[in-house]
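Colleague: One structure is given below, represented as structure tokens, and several questions about it will come after.
Quick note: the coordinates plus some simple rules give every number you see, no bench work behind them. Model, not experiment: these values are computed from the prediction. When we count neighbours, we look across all protein chains shown, and the Cβ atoms used for this are built from the backbone with ideal geometry, even at glycine.
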Amino acid sequence: FDIALAAYGQVLQAEPRHADALHLSGVLHAQRNRLEDAERLIRAALDVLPDEAMFHNNLGNVHVECGRDAEALASFERAHALAPERPDICNNLGVLMSRAGRAEEAVKMFEQVLARAPQFEDARLNLASHHLRRGEVAHVLEHVFLGPDQLIRLRSTMEKRTQVGGACFARLVAICPS
């Protein structure tokens, strides 16, 4: 962390508006939970390159960490408008759409991710979580393969997100083939 941050600092001394150095410095700060610095640096990168999808995506991630879902949703929507083919952006947008009560749009995002990147586990688990919250256990089994590792992650996700999630997960495990 310190070495990378120092390297970006040297780049920024020579070129204070170097968008990638600003952005990546912001990402490093976010990883260290220095969210104000992260937001400031990523916004500075966006001042230089306002149409860079990953900058908007990572600003959205900072907003999520700050608990500012409306701002995160706006950042992810902008990132998606700029790079609709990116599975990570589609997944992030789907998560925030789900939180905002836009369930059908969220499902479309997760399905879009899986159509392009079937191995994208987070989208698979997000889609499974959606169906479990709705009590659509059979749908989960028909459309989402869950191996032992995915079941463990799904259980953790469901228990964190909702009290009903634990009960839904128990129903799923009860009917899963061993």
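Colleague: Tabulate in residue order the Karplus-calculated ³J(HN,Hα) for region 6-23, using 6.51 cos²θ - 1.76 cosθ + 1.60 with θ = phi - 60°, rounded to whole Hz; enter x for Gly and Pro.
Modeller: Each residue's phi maps through the Karplus curve to give 5, 5, 5, x, 5, 4, 5, 5, 6, 9, x, 10, 6, 4, 5, 5, 4, 4 Hz.
Colleague: Equivalent-ellipsoid semi-axes (√(5λ), Cα gyration tensor) for region 1-91, whole Å, largest first?
Modeller: Square roots of five times the eigenvalues give 22, 15, 10 Å.
Colleague: What chymotrypsin sites (Phe, Trp or Tyr not before Pro) does region 1-79 have in DSSP loop regions with at most 12 other beta carbons within 10 Å?
Modeller: Listed in order of number, the matching sites are Phe1.
Colleague: Starting from the Cα of Glu111, step 7 Å along the direction of its Cβ; do the same at Val11; then give the gap between the two resulting points in nm.
Modeller: Calculated label separation equals 4.0 nm.
Colleague: Loop-only check: which GluC sites (Glu not before Pro) in region 1-93 are DSSP coil with at most 14 other Cβ within 10 angstrom?
Modeller: Glu85
Colleague: State, to one decimal in nm, how far the label point of Asn33 lies from the label point of Asp51, with both points 7 Å from Cα in the Cβ direction.
Modeller: 3.9
Colleague: Using a Förster distance of 25 angstrom, determine the FRET efficiency expected from the C-beta separation of Ala81 and Asp20, and round it to 0.05.
Modeller: The calculated FRET efficiency here is 0.75.
Colleague: In addition: Roughly how many whole Å is it from the C-alpha centroid of region 61-90 to that of region 1-34?
Modeller: So the two Cα centres are separated by 21 Å.
Colleague: Sort 128-134, 26-32 by the packing proxy (mean of other Cβ within 10 Å over each peptide's residues), most packed first.
Modeller: Top to bottom by mean Cβ count within 10 Å: 128-134, 26-32.
Colleague: Give, rounded to the nearest 20 debye, the magnitude of the charge dipole that region 1-114 has about its Cα centre when Lys and Arg contribute +1 at Cβ and Asp and Glu contribute -1 at Cβ.
Modeller: It comes to approximately 160 debye.
Colleague: Apply the Karplus curve 6.51 cos²θ - 1.76 cosθ + 1.60, θ = phi - 60°, to the phi angles in region 106-119 and return the couplings in whole Hz, x for Gly and Pro.
Modeller: Karplus-based 3J(HN,Hα) across region 106-119 equals 4, 4, 4, 5, 5, 5, 4, 4, 5, 5, 8, 9, x, 7 Hz.
Colleague: Okay, moving on. Which of rounded, prolate or oblate describes region 1-50 when judged by the alpha-carbon gyration tensor and an a/c cut-off of 1.5?
Modeller: Oblate is the answer for region 1-50, as a/c is 1.5 or above yet b/c matches or exceeds a/b.
Colleague: Also, quick follow-up: In whole Hz and in residue order, list the ³J(HN,Hα) couplings for region 134-139 that follow from phi through the Karplus curve 6.51 cos²θ - 1.76 cosθ + 1.60, θ = phi - 60°; x for Gly and Pro.
Modeller: Karplus values, whole Hz, x for Gly and Pro: 8, x, 8, 4, 4, 4.
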